[in-house]
Amino acid sequence: MAQTQDAVAVPARLGIRVEGVVQGVGFRPFVHGLARSLDLTGRVVNDAAGVSIEVQGAPDRLARFLERLPLEAPPAAVVETVSVDTLPLADDAAFVIGPSIVSAGHTALVTPDIATCEACRREVLDPTARRYRYPFTSCSACGPRFTIARDVPYDRAATTMAAFAMCGDCAREYADPADRRFHAEPIACPACGPRLRLHDADGRTLDGDPLARAAAAIRAGRIVAVKGLGGYHLAVAAQDEAAVARLRSRKHREEKPFAVMAAGLDSARTLVEVDATAAELLTGVERPIVLLRHRPGAGLAASVAPGNAWLGVMLPYTPLHHLLLHEVGAPIVLTSGNRSDEPIAYRDAEAGERLRDIADLWLTHDRSIHIRTDDSVVRVVAAAPQLVRRARGYAPRPITLPWVLPRAVLACGAELKSTVCLARGRHAFLSHHLGDLEHYETFAAFTQAIEHLGRLFDVTPEVIAHDLHPEYLSTKWARERGERLVGVQHHHAHVAACLADNGETGPVIGVALDGLGYGTDGTLWGGEFLVADLAAFTRVGHLATVPMPGGSAAIREPWRMAAAYLHRAFEGGEIALGVHARHVGVWRAVVELGGAHAPLTSSAGRLFDAVAAILDVRDRVSYEGQAAIELEQLAGDLPATPYPIEIRLVGDGFELDGAGLIRAVAADVIAGTGRALIAARFHESLAEAIVGGCRAARERSGLDAVALSGGVFQNARLLARAIERLDGEGFRVLRHRRVPPNDGGVSLGQAVVAARVA
Ligand code: ZN
Ligand code: ZN
Ligand code: FE
């Protein structure tokens, strides 16, 4: 607040540039309010690179302005840089919001969708407010952005809100700089905005209040398809076992856990263990699904997350979700609207069609979704958030790099958990999670994302980066283009992604552990120690290769990897262990006749599979990574000592002896050691193997920075232990922060490598 002693000070005028995510997040109304509260004059405008402010007044009030500017910025804003100049005094009457400066080819960046802010949440629950129970309430600090943006410049006409003409009241709020809806492009109210509709499988509209009827249906155990921000979800009462089981069987989803939406933090705390980091994630503007430890006796149906110690929980992120949760009065399962692992339905006609045999009712509305986005998924690992799936709420926020890319790049990513990345200057625009490219619709989303992001962010690629795997659809697509191509090895891309994520360029010891990636020697890699920078890499070590009997069949059937590893470990004289005994009929054939159909792999993910099968965790999986996830859960927090793991020097590199590790596991099984303890010992062993490999790589390279990447590092126990042990050995550890360690980050790595080497 203004204080009287300022009055005598000689006024000054500052020019302030703010860069980062500062457009479309309510930044100008915030600056306007802050300046006015300090009795300063001047102006704020959006320009090509951010927000430009001129502010004039007494020096100590200006100092307070500068201090509060980054601290009190709207929650969805990301202030990256603030630069300040002194300007000559000017003659302003007040502080105003000026017209945007639009330079050629450059306009306000489209931001991610922003969860409903507290003011809007209160408003929709306030019976005296104009927007009471209005599910499409938003303001300049919250609401849909990326999912409704059709084109640039980002204004209402270029969004799917163009179909709705503002009423007089909304138009006044939109035009008033003092209103928190000033220039809120998706502004709407019950008089002028989108409306809800409830219909049945035949498209017949049901009478009455759609929201109240949908909530009643959910309470009564029905399955309701709900149109959200990025697509349709399926909602069902989370405490109703019959309803959840019905959803599971209709969706053909055998075991993969469902996410649950709780009304608020207090409700979430009754379901899962919520620490401070988790609470921040749950209530943040991105509102991801947060994977947290299930509380026993939480009252949820057993079918929500069968046999799973972890539960994905999220809080409402649109007024529709707030209102629905409020009226249902209990947590709901809110899972993507699709069958099995197809892409999520997002157009009304396809939702009616594709969810016909799953949903009982459809709670829909007339605002269309332009870009399909899934919910994001985050886990807290070693005291920090780690993205598992980066989509709604995060995309298309750029990954800002502390260096300037020499050329604009399009990176096409991998195949599963596909993303693309367009990068220019200091910004890498990583797309939302697209899914498995083998689905026709996902592939369509892949080409759409390339075109859309290129247009929204004005990126004209000079180079196209792709994986080396010739069968990836992303590789084939890239190779059909005429432009300059750069093939980037999969694990080099993983390590580069981790470097970019941390704003570093290397060189570094890269540890890339994942399911599979195409190597440069014709084998399938996935347990790799690289010495790498953005331009190049050397493979200094890896897990010793084993055959993968039946090729990709081994991914779905972990017992095949157990067979291969036991065979290797005991050189054909293997002993019958649980899984082995069950599959003894096909065992020999698989191992011996595998031959050409048993590509060699050094994958760490496949080693997890082998151990999971040997411990009878499972011999078949119904979703990717399931065996490893369950093995991690089996190990829990049980303290354990590692098995010794041999590091052999081979040629000018080293090999980690996975078969020796399997011999130790088998000996423990025979000795009757508990399965959980064996699983725990396996995790400890792998952490030790990482440390051992890094020591060998350090001796050779003199480097002490280690980048950990690849899908295996989604394993919290392994990552936490590896970080702790590497720290203890004097390594400096880089882990993922802004992008997932899995293949969802590969396109970012490809982009920074291709920009450097092309
Ligand atoms: Zn709001
Ligand atoms: Zn209105
Ligand atoms: Fe990978």
Review point. Do we have ASP179 as of a type outside the set (Ser, Thr, Tyr) and more than 16 Å from ligand 2 (Cβ to nearest atom) here?
Key: no
Study note, to complete from the structure: ARG133 meets each of (1) at pLDDT below 95; (2) of a type in the set (D, E, K, R); (3) in a loop (DSSP other than H, G, I, E, B) with one exception, condition (1)
Practice item. Taking the options ALA63, ALA73, name whichever one is in contact with a strand residue (DSSP E or B) (Cβ under 6 Å, 6 or more places away or on another chain) and in the same structural domain as VAL21 (by TED's automatic domain parsing). Key: ALA73
Practice item. Could you pull out every one of the strands (runs of 3 or more DSSP E) wholly within region 301-384 that has 1 or more residues that are over 18 Å from the mean Cα position of the chain (by Cα)? Key: 332-336, 361-365
Check your understanding: Any chance region 225-238 includes a residue that's outside any strand (DSSP E or B) and within 24 Å of PRO296 (Cβ to Cβ)?
Key -> yes
Point to revise | GLU528 being in a loop (DSSP other than H, G, I, E, B) and modelled with pLDDT of 95 or more | key: no
Review point. Just to be sure, is LEU211 of a type in the set (A, V, I, L, M, F, W, C), modelled with pLDDT of 95 or more, more than 16 Å from ligand 2 (Cβ to nearest atom) and surrounded by fewer than 18 Cβ atoms within 10 Å (Cβ to Cβ)?
Key: no
**Study point:** Enumeration of residues in region 140-175 that are within 15 Å of ligand 1 (Cβ to nearest atom) and of a type in the set (D, E, K, R)
**Key:** ARG145, GLU173
Check your understanding: Restricting attention to region 141-159, does a residue exist that is in contact with a helix residue (DSSP H, G or I) (Cβ under 9 Å, 6 or more places away or on another chain), more than 16 Å from ligand 3 (Cβ to nearest atom), farther than 22 Å from GLY98 by Cα and free of Cβ contacts under 8 Å to residues at least 40 places away in the same chain?
Key -> no
Check your understanding: Quick check, is VAL84 assigned to a helix (DSSP H, G or I), β-branched (Val, Ile, Thr) and either assigned by TED's automatic domain parsing to the domain that holds GLY15 or surrounded by 15 or more Cβ atoms within 10 Å (Cβ to Cβ) (or both)?
Key -> no
Review point. Inside region 132-148, can you point out the residues that are more than 18 Å from HIS326 (Cβ to Cβ) and small (Gly, Ala, Ser)?
Key: SER140, ALA141, GLY143
**Study point:** Among the residues listed as ALA94, ALA63, ALA119, ALA76, the single one being in contact (Cβ under 8 Å) with a residue 12 or more places away in the chain, more than 14 Å from ligand 1 (Cβ to nearest atom) and not hydroxyl-bearing (Ser, Thr, Tyr)
**Key:** ALA94
Study note, to complete from the structure: Restricting attention to region 250-272, the residues that are farther than 16 Å from ALA225 by Cβ, modelled with pLDDT of 95 or more and either within 22 Å of the chain's Cα centre (by Cα) or of a type outside the set (Val, Ile, Thr) (or both) number exactly 11
Point to revise | GLY168 vs. criteria more than 16 Å from ligand 3 (Cβ to nearest atom) and over 30 Å from PRO331 (Cβ atoms) | key: yes
Exercise for review: Pick out, from region 641-758, the strands (runs of 3 or more DSSP E) lying fully within it that include 2 or more residues that are in contact with an Asp or Glu (Cβ under 9 Å, 6 or more places away or on another chain) and among the small types (Gly, Ala, Ser).
Suggested key: 705-709
Revision key, fill the gap. Exactly one of PRO186, PRO190, PRO153 is surrounded by fewer than 19 Cβ atoms within 10 Å (Cβ to Cβ) and either in the same structural domain as ARG36 (by TED's automatic domain parsing) or within 14 Å of ligand 2 (Cβ to nearest atom) (or both), and that one is PRO190
Exercise for review: Name the strands (runs of 3 or more DSSP E) wholly inside region 414-486 in which the number of residues that are of a type in the set (Phe, Trp, Tyr) and at pLDDT 95 or above is 3 or more.
Suggested key: none
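The values are calculated or read from the model by the stated rules, or taken from the named source; none is laboratory data. Since the structure is predicted, the reported quantities are computational estimates derived from the model, not experimental observations. So basically every Cβ, Gly included, is an ideal-geometry build from the backbone, and we count neighbours across all protein chains shown.
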